[in-house]
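Participant: My structure is below; once you've seen it, I'll send some questions.
The values are calculated or read from the model by the stated rules, or taken from the named source; none is laboratory data. Here the structure is a predicted model, which is why all the values come from computation and not from measurement. Virtual Cβ from ideal backbone geometry, glycine too; neighbours counted across all protein chains shown. Heavy atoms of the whole protein, side chains included, go into the accessibility calculation; ligands, DNA and RNA do not. Shrake-Rupley method; radii C 1.70, N 1.55, O 1.52, S 1.80 Å.
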Amino acid sequence: MGAYVIRRLGYGAIVVFGVLFLLFILFFTVTSPDDIARKALGERVPPAVVEQWKINHGYDKPLFPAPGQWADNMLVEHYRRMLTFDFGRSDADDTPILERIRKGMGPSLALTIPLFVLSLLVAIPLALLVAFFRETYIDRAGVILAVLAMSVSVLLYIIGAQYLVGKVLHWFPISGFDSNPQVVVRFLALPIMIGVANGLGGDIRFYRTVFLEESNTDYVRTARAKGCGEVRIMSRHVFRNSLIPLLTRIVVAIPFLFTGSLLLESFFGIPGLGAITVDAIQGNDFSVLRTMVYIGSLLFVVGQILTDLSYALVDPRVRLE
Amino acid sequence: MTALLEVTELTTRFPMAGKEVPIVDALDFEVGRGEVLALVGESGSGKSMTALSLMRLVPKPGRVASGSVRLDGEELLNLPVRAMRRVRGAGVAMIFQEPMTSLNPVMRVGEQVVEAIRLHERVGRSAALDRCRRLFEQVGIPDAAERVHAYPHQLSGGLKQRVMIAMALSARPRLLIADEPTTALDVTVQAQILRLLRDIQEETDMSILLITHDLGIVNEIADRVAVLYAGRIVETAPRTALFENPMHPYTQGLLRSMPALALSGRRLPEIPGVVPSPSDWPTGCRFASRCSKVMAVCEGVLPEFRVQGPGHDVACYALQEAASRGEKKGVQQQEGAS
Amino acid sequence: MESHLISNGIVLVMLFGTAATIWAVRRSRLWSSAFVSLWHRRRLALLVTAVYVGVALLDSVAWVGGDSLGGDTVSLHEARSVIDRVFGGSQEKSYSAPLATTEFYGGRGLRYPGGHWLGTDMIGRDVFYLTLKGARVALLIGGLTSLIAIPLALLFGISAGYFGGRIDDVVFFLMTTLASMPGLLLLIALIMVMGKSTLAVCVALAVTGWVGFCRVSRGETLKLRELEFVSAARALGVSEFQILTRHILPNLMHLVIITFVLMFSGLVLSEAILSWLGIGVDGSWGQMIDQARNELSRDPIVWWNIAASGAALFGLILAVNFVGDALRDVLDPRTVKDEK
C-alpha cells in the first residue's frame, strides 16, 4: 500500500513536470514576454517602457538555459516559482496572485460543494429509477428527456433562468455574493439550481448506462434465481458493483470543486476562482491564467490518485501493490 | 403420485427479424421425484432458455408465451411475482454454466449464501453463517470456516461452482436445475462436480434437471434423457434405452459422433449441416434438412410423439412409417394363417 | 488563394467524399445494413441533420458578381454565397420584431416591411439570415476540429497500441499530461496564446479533444493486435505497414464514425461557451446568444435573436445526439463510453 502510494505520487510528479513544460511552451515561447508586455501596455509604447515592465514582472531573463546561465533563465525560474507556489503578481493589475486565489477559494467552494452534492443526490436516484424500469416507457421517456436536457447549451440555461427568476418570478436576486451565510444562500440558490439542471441529462445517462450494464450480468441472474426481489437486487448487487465505474467520474471531480465554475461565477457575480479566471481572460492576464491551469492540473493529479485509492475501498479485486 | 415437475406446451418467444419466434416450442416433459432428467441438445437448441422459462427468468424482450409449468401440482406461470420469488431458491434452485461470473465479485461468498438462506427463512445472521459453513463442508470445500470470508476472485473455478451448489442447496429446493454446470471447468474438476451432484441428489432425494450438450455427462448421471432439437423435444427415453437403442435419426447422429462410442482410428461421423436459425425454422420436422431418412411427409407438418417402448417416446415419421409397415405385415401374416 | 475559392473547393471535395462513401457503404454489407437500421430508427434526426448540412453547403458555395441586392456597390466585388444572394442584403437600421412593418423602438417604417421572418438585430441585420449562416460556422467548427483531432488520435493511438514499448510510454505520458490539464482552461489558454481566429479555436479544440479518442483507439488496437488474423498475417510475413492499413485501421473505422458524431455536439457546445468568453468564432450561434444576452433586460424585451440562435443550436445538437446514440447502438454497443 505504502509503496503503491509512493509510486503513484512519483508518476503524478512526472506528470506535473510535463504540464509545467507545456505551460512554458505556451506562455513563454508561443507568446513571448514581449507579446505579454504589449498586451498589457498597448502597442504604441516605447521599447524602454516594455523592458521596464518586463523587469518589474520578472520576464527579463533569457528563456532557455545556456552556458553560464544554467540556473538563471525563465525556464528554471518558471519551474521554481510554480513548484514553490510563488506565483508573483498579475500581469494586468499587479495584485499578488496567491492572495487572490486564497480569497477566491471560499466563494468557489460555497458554490461548488452544494452543487456537487445536490447533483449526486438528484442524478443517482433518478438514474436508478430509470434503470429499474428498463425497457418500459418510463425508461425510454427518461432517456429522451436526458438527451433533450444535454442538448441545451449551458448559456441558454443561465440566460433563461436569469430571465425567468429575475424578471418574471422575482424569487432570488439574480447576481451577487455576501460573506454572511444567511444572506448568501439567496444568492447561490439560482446558480446551484442551474448547475444541477445543466449536468443532469448527461449524468443520468451515464449512471443509467452503468447500472444497466451491471443489471445484465450473470451474478444478477444468480441473485434472481435465488429469489431476490428487484429492489434488493438494485440496491445490494447492482449498486455496489456500479460504484467502481461511478467513482471514476465522481472522485475525480472533487478536487475541481476548488477551482469553481467559470460560467456560473461570472454570470452570477460570485467572486470565486472561476470569476478570477474569466477576468484574466478578458484582461489578457497571462500570469493568472497560467497559474490557474497549473493549479487545475495539480488538483487533477491529486484526484487521479484519490480515485485509484478509492477503488481499493469498493473493489476487493483491486489490491494496491 | 404425480411427477414433481410437469411441463406442458411450454412456449417461449423472442422477437427476431420482425416477428415473435418460438425459441422454445411447445415442450412437454416431466421430472419425477428423486429423478435426474437430462435435457440434451446442441447450442442454440433452446435448452438454457427452457431452464430460464421454468424459473420465469427469461431476459427481455423474450417472454414465456404459453403453456404450463407445475411444481408439485402448483402452476408457476401465473403465480404472483412475490410468490414466484419464494419458489426461486426454495422450490427450484439453479446453478449456471459460468461460475466465474455468476457470483457477485464484490460480496464475500459466505455473505452471498447467507443472503440466499435468509431470503427464505427467518434465521439470524450468525446462525445462517453457521449453516453456510456446514453447506460448504457438505459440498466439499476445504477450510470451509475460512472460505466463507473469501471473495469469488480468491477461489478457483471448481470451488466457485461448489459455492454455487452450496447456495443452490441452501433453501433445500425440491428441484435443482443445473445448466451446463461443468462446461467451463477442467476435465478432472468436471468429474468431481458431477459426483458431488449425484451424491447430493442421493442424500437429499431432490430432483435434478441437468442441461448439457455432453452425452458423456448424461451417461454418468442421468436417469432419463430428453433430446432437444431446434426448440422441440424429439425423443425421450430412460438412459439405458436411449444409449442402447436410439430411435430418432438426430439422436442416432449425436451418439455416433460421441468419441467414446465411435470405433477408434476412424474419423468421427458427423451430422451434416447446422441447426437452422430460429427465424427460419421449417413448418415440418426441424431436422428434415439434415436427416438421412427424410421423406416427403417430413417437410409438411411437425411429427407427433409415438410410444416406442417403455417410457420411450419419439417424434419421427420414419419410425411411424416403419411401424405401420410392420403392423401391416403382421396383419397380412395373420390373414394368411387364417 | 481567395477564401471563397477554398471553401468552394472544400464543398467539391465533400461531395466527392460523400459519393465515395455511399459507394463504399453500398459495397459492404456490414455498413449498409448498419445504415439501413440507423435510417429506420432515426429518420427524423437524420433528415434534420441533412437540412443543416445542406444550408451550410449552400453558404459555402460563393462567387463574385451578380446583382447587388442591398443597393450598395461594395458587395458587387465581394464573393457572396447562395445564402447571401437569396436572404442577404435586406439591411434595416435597428431592431424590428418578426414580420413587423415598423422598427421596434421608435416605430419608423422599415425598408422591407414584413420581409424579416425572424426580425432584425440591433444593427438591423436579418436574424433569419444570420441564423442560417450560423449552420456553416457550426459545421466548420465540428468538421475542421475533427479533421485535425481524429487523424492525430489515430496516429498516436495505433502506434502506441501496436508497437508498445517506448512509443507507448511516450504517448501514454503525453495523454496523461494533456488529460491532467483542465479542458476548458487549456482551451482558453491555447486560444489566447495563438490569437483569436477560427483556425485557432479549432486547433485548440482539437488539442484538448483528441486524448479521449486516442485512448479508445489505443485500447482497441491492443485488442486487435492479439487477434488470430493479425498474428496469422504477421506469421505470413505481411509487412507491419500493411497489417496496420489492411487489418487494424479498417477495424477502427466504426469507432472513428461514432467518435466523430459524439464529439461533434460537444465541440459546438464548447464553442458557444468560448463565444461567451469573447474568444469564439465570428458568426456562430454562440456569439448571437452572447450578443442577445442583454436584450432580455431591455424593455420591452427583444426575444427573437436569442430564440432563433438558441433554437438553431439546440436543434442541431439534439439531432446529432440522437443520431450518435443510435449509431453507437448499431455499430458498437460497448467500447465507446461517455468521455467527460
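Participant: Using a cut-off of 15 Å between alpha-carbon atoms, which aspartates and glutamates can reach B:LYS19, once sequence neighbours fewer than 8 places away in the same chain are excluded?
Facilitator: Partners found: B:ASP280.
Participant: I've got another one for you. Rounded to a whole number, what % of the accessible area of chain B do carbon and sulfur atoms account for, probe 1.4 Å? All intermediate terms of the calculation are to be shown ahead of the outcome.
Facilitator: Details: 7770 of 15470 Å².
Carbon and sulfur together cover 50 percent of it.
Participant: Which one of B:ALA184, B:SER156, B:MET167 has its Cα pushed farthest toward the positive end of the charge dipole of segment B:152-197, where Lys and Arg give +1 and Asp and Glu give -1 at the Cβ?
Facilitator: It is B:MET167.
Participant: State the percent of C-alpha pairs, over all pairs in the protein assembly as shown, separated by a distance greater than 58 angstrom. Don't skip to the end; give the middle numbers.
Facilitator: On the way: 136972 of 498501 pairs.
Value for the protein assembly as shown (Cα pairs over 58 Å): 27 percent.
Participant: State the Cα centre-to-centre distance between segment B:56-96 and segment B:1-26 in whole Å.
Facilitator: The distance from the Cα centre of segment B:56-96 to that of segment B:1-26 comes to 13 Å.
Participant: Additional query: Under a point spin-label approximation (7 Å from Cα along Cα-to-Cβ), what is the C:ILE6-A:ILE6 distance to one decimal in nm?
Facilitator: For C:ILE6 paired with A:ILE6, the spin-label model returns 5.5 nm.
Participant: Quick test of the membrane-span-like rule: which DSSP H helices of chain A reach at least 24 Å along their long axis (C-alpha atoms) with mean Kyte hydropathy at least 0.5? Intermediate results must be reported in sequence, preceding the final value.
Facilitator: Working: long enough: A:2-24 (33 Å, 1.73); A:97-132 (49 Å, 1.64); A:181-215 (45 Å, 0.71); A:286-314 (42 Å, 1.50).
Span-like helices, by this rule, are A:2-24, A:97-132, A:181-215, A:286-314.
Participant: Next up: On average, how much accessible surface per residue is there in segment A:101-314, in Å², for a 1.4 Å probe, leaving out ligands, DNA and RNA?
Facilitator: Values: 8260 Å² over 214 residues.
Accessible area per residue, segment A:101-314: 39 Å².
Participant: Which order do you get for B:ASP186, A:ASP94 if you rank them by accessible area with a 1.4 Å probe, largest at the top?
Facilitator: B:ASP186, A:ASP94
Participant: What are the residues whose amide H is under 5 Å from the amide H of A:PHE268, where those residues sit 5 or more places off or on another chain and H is modelled from the backbone?
Facilitator: Answer set, sorted by chain and number: none.
Participant: Next up: Helix-derived [θ] at 222 nm for the protein assembly as shown: sum -39500 (n - 2.57) over DSSP H runs of at least 4, divide by residue count, nearest 500?
Facilitator: On the way: 37 runs with 559 residues, N = 999.
So the calculated ellipticity at 222 nm is -18500 deg cm²/dmol.
Participant: Can you send over the carbon and sulfur percentage of the accessible area for chain A, probe radius 1.4 Å, protein chains only? Working shown, then result.
Facilitator: On the way: 9500 of 14310 Å².
Ligands and nucleic acids excluded, carbon and sulfur reach 66 percent.
Participant: Let me ask something else. Let me spell out the model: positive unit charges on the Cβ of Lys and Arg, negative unit charges on the Cβ of Asp and Glu, origin at the Cα centre of chain C. What dipole size does that give, in debye rounded to 20?
Facilitator: Working: 28 positive and 26 negative charges, 178 e Å.
Magnitude of the dipole: close to 860 debye.
Participant: Send over a whole-number figure in Å² for the accessible area per residue of segment A:2-83, probe 1.4 Å. Each step should come with its number before you reach the end.
Facilitator: Working: 4420 Å² over 82 residues.
In whole numbers, segment A:2-83 has 54 Å² accessible per residue.
Participant: Charges on Cβ only, +1 for Lys and Arg, -1 for Asp and Glu, centred on the Cα centroid of chain A; of A:VAL165, A:ILE124, A:ALA92, which one is farthest towards the dipole's positive end?
Facilitator: A:ILE124
Participant: Estimate for me the total accessible surface buried between chains A and C (protein heavy atoms, probe 1.4 Å, no ligands or nucleic acids), in Å² to the nearest 100.
Facilitator: Working: alone 17500 and 18460 Å², together 31880 Å².
Between A and C, the summed buried area is about 4100 Å².
Participant: Buried by at least 40 Å² relative to the chain on its own: which residues of segment C:179-218 qualify, computing accessible area with a 1.4 Å probe on protein heavy atoms?
Facilitator: C:SER180, C:MET181, C:PRO182, C:LEU185, C:ALA189, C:MET192, C:VAL193
Participant: Now, a different point. Tabulate in residue order the Karplus-calculated ³J(HN,Hα) for segment B:302-309, using 6.51 cos²θ - 1.76 cosθ + 1.60 with θ = phi - 60°, rounded to whole Hz; enter x for Gly and Pro.
Facilitator: 3J(HN,Hα) across segment B:302-309, in whole Hz: 4, x, 8, 6, 10, 6, 10, x.
Participant: What are the membrane-span-like helices in chain C by this rule: whole DSSP H runs, Cα extent along the axis at least 27 Å, mean Kyte-Doolittle hydropathy at least 0.5?
Facilitator: Numbers: long enough: C:3-27 (36 Å, 1.09); C:127-163 (53 Å, 1.63); C:198-225 (38 Å, 0.84); C:253-276 (35 Å, 1.88); C:304-331 (39 Å, 1.27).
What comes out of the filter, once short or polar helices are dropped, is C:3-27, C:127-163, C:198-225, C:253-276, C:304-331.
Participant: Next question, about the same structure. What dipole magnitude, in Debye to the nearest 20, does segment A:2-83 give about its Cα centre under +1 on Lys/Arg Cβ and -1 on Asp/Glu Cβ? Please list the in-between numbers first.
Facilitator: Details: 9 positive and 7 negative charges, 74 e Å.
Here the size comes out at about 360 debye.
Participant: So, one more: Quick one: if you stick a label point 7 Å off each Cα along the C-beta vector at C:LEU30 and B:GLN320, how many nm between them?
Facilitator: The modelled label-to-label distance comes out at 4.6 nm.
Participant: Could I ask something else about it? For a Förster distance of 56 Å, can you work out the FRET efficiency between the beta-carbons of B:LYS19 and B:ARG172, rounded to the nearest 0.05? Write down the numbers at each step before the final one.
Facilitator: Details: r = 42 Å, r/R0 = 0.75.
With R0 = 56 Å, the Cβ-Cβ based efficiency is 0.85.
Participant: Could you list, in their original order, any pairs among A:LYS103/A:LYS167; A:LYS226/B:LYS60; A:LYS54/C:LYS196; B:LYS47/B:LYS160; A:LYS167/C:LYS133; A:LYS167/C:LYS93 whose Cα atoms are separated by more than 26 Å?
Facilitator: As for pairs spanning more than 26 Å Cα to Cα, those are A:LYS103/A:LYS167; A:LYS167/C:LYS133; A:LYS167/C:LYS93.
Participant: What ranking do C:211-222, A:38-49, B:278-289 get when scored by the average of other Cβ atoms within 10 Å per residue, highest first? Walk me through the numbers on the way to the answer.
Facilitator: Working: C:211-222: 22.3, A:38-49: 11.8, B:278-289: 18.0.
Going from most to least packed, we get C:211-222, B:278-289, A:38-49.
Participant: At 7 Å along the Cα-to-beta-carbon direction for both C:PHE16 and A:THR136, put a label point, then send me their distance in nm to one decimal.
Facilitator: Placing both labels 7 Å beyond Cα along the Cβ direction yields 5.6 nm.
Participant: Enumerate by residue number the chymotrypsin sites (Phe, Trp or Tyr not before Pro) in segment A:12-100 meeting two conditions: DSSP loop (anything except H, G, I, E, B), and at most 15 other Cβ atoms within 10 Å of the site's Cβ. Intermediate results must be reported in sequence, preceding the final value.
Facilitator: Numbers: sites: A:PHE17, A:PHE21, A:PHE24, A:PHE27, A:PHE28, A:TRP53, A:TYR59, A:TRP70, A:TYR79, A:PHE85, A:PHE87; in loops: A:TYR59, A:TRP70, A:PHE85, A:PHE87.
For chymotrypsin sites (Phe, Trp or Tyr not before Pro) across segment A:12-100 that sit outside H, G, I, E and B with at most 15 neighbouring Cβ atoms in 10 Å, the list reads A:TRP70, A:PHE85.
Participant: So, one more: Which residues of segment A:299-317 show a drop of at least 20 Å² in accessible area when all protein chains are present, compared with their chain alone (probe radius 1.4 Å, heavy atoms only, ligands and nucleic acids excluded)?
Facilitator: A:PHE300, A:PRO316, A:ARG317
Participant: Check each residue of segment C:244-274 and keep those whose accessible area, probe 1.4 Å, is at least 40 Å² smaller with all protein chains in place than in the chain alone; give them in order of residue number.
Facilitator: C:LEU269, C:ILE273
Participant: Label chain B by shape, choosing from rounded, prolate and oblate, from the square roots a ≥ b ≥ c of the eigenvalues of the Cα gyration tensor; if a/c is under 1.5 it is rounded, and otherwise prolate applies when a/b is larger than b/c, oblate when it is not. Present the calculation step by step, with values, prior to reporting the outcome.
Facilitator: Numbers: a/c = 2.02, a/b = 1.80, b/c = 1.12.
Prolate.
Participant: Another one. Roughly how big is the protein assembly as shown's charge dipole about its Cα centre, with Cβ charges of +1 (Lys, Arg) and -1 (Asp, Glu), in debye to the nearest 20?
Facilitator: Values: 96 positive and 91 negative charges, 193 e Å.
So the dipole magnitude of the protein assembly as shown works out to roughly 920 debye.
Participant: Another question about this same structure. Would you grab the residues whose amide H sits under 5 Å from the one on B:VAL225? Only those 5+ places off in sequence or on another chain, please, with H modelled 1.01 Å from N.
Facilitator: B:ALA38, B:ALA237, B:ARG239
Participant: Let me have the relative contact order for chain C, percent, based on Cα pairs under 8 Å that are six or more residues apart. Show your work: numbers first, answer last.
Facilitator: Values: 434 pairs, mean separation 61.9, N = 340.
Relative contact order here is 18 percent.
Participant: For chain C, what is the accessible area per residue in Å², given a 1.4 Å probe and the full set of protein chains? Can you show the working numbers first?
Facilitator: Details: 16410 Å² over 340 residues.
Accessible area per residue: 48 Å².
Participant: Once amide H atoms are placed 1.01 Å from N in the peptide plane, what residues at a sequence separation of 5 or more from B:ILE95, or on another chain, have their amide H within under 5 Å of its amide H?
Facilitator: B:ILE177, B:ALA178, B:ASP179
Participant: Let me ask something else. Measure nothing but the geometry: give the 0 to 90° angle between the long axis through the Cα atoms of B:81-90 and the longest principal axis through the Cα atoms of chain B, rounded to 10°.
Facilitator: Value to nearest ten degrees: 90.
Participant: While we're looking at this one, here's another question. Over segment C:118-187, with every protein chain in place, what whole percent of the accessible area is carbon and sulfur at 1.4 Å, could you tell me? All intermediate terms of the calculation are to be shown ahead of the outcome.
Facilitator: Details: 2020 of 2610 Å².
Solvent-exposed carbon and sulfur of segment C:118-187 make up 78 percent of the total.
Participant: Along the charge dipole of segment A:101-314, Cβ charges K/R +1 and D/E -1, which of A:ILE305, A:SER108, A:SER261 sits furthest on the positive end?
Facilitator: Of the candidates, A:ILE305 comes out farthest on the positive side.
Participant: Between segment A:79-124 and segment C:104-153, what's the alpha-carbon centroid distance in Å?
Facilitator: Centre-to-centre distance over Cα atoms comes out at 37 Å.
Participant: Further, regarding this structure: Does chain A come out rounded, prolate or oblate by the C-alpha gyration tensor, with a ≥ b ≥ c the root eigenvalues, rounded set by a/c under 1.5 and, if not, prolate when a/b is larger than b/c and oblate if not? Mind showing how you got there, number by number?
Facilitator: Values: a/c = 2.89, a/b = 1.57, b/c = 1.84.
It is oblate, given that a/c is not under 1.5 and a/b is not larger than b/c.
Participant: What does the extension gain come out to for A:ARG249 and A:ARG102, with contour length at 0.36 nm per residue minus their alpha carbon separation? Mind showing how you got there, number by number?
Facilitator: Numbers: separation 147, 0.36 × 147 = 52.92 nm, distance 2.67 nm.
Between A:ARG249 and A:ARG102, full extension yields 50.3 nm more.
Participant: Okay, next question. Taking a cut-off of 15 Å between Cα atoms, list the aspartates and glutamates near B:LYS293, but don't count ones fewer than 8 places away on the same chain.
Facilitator: B:GLU321
Participant: Please report the antiparallel percentage of DSSP beta bridges with both residues in the protein assembly as shown, rounded to the nearest 5. Walk me through the intermediate numbers first.
Facilitator: Working: 36 of 55 bridges.
Percent antiparallel among DSSP bridges in the protein assembly as shown is about 65.
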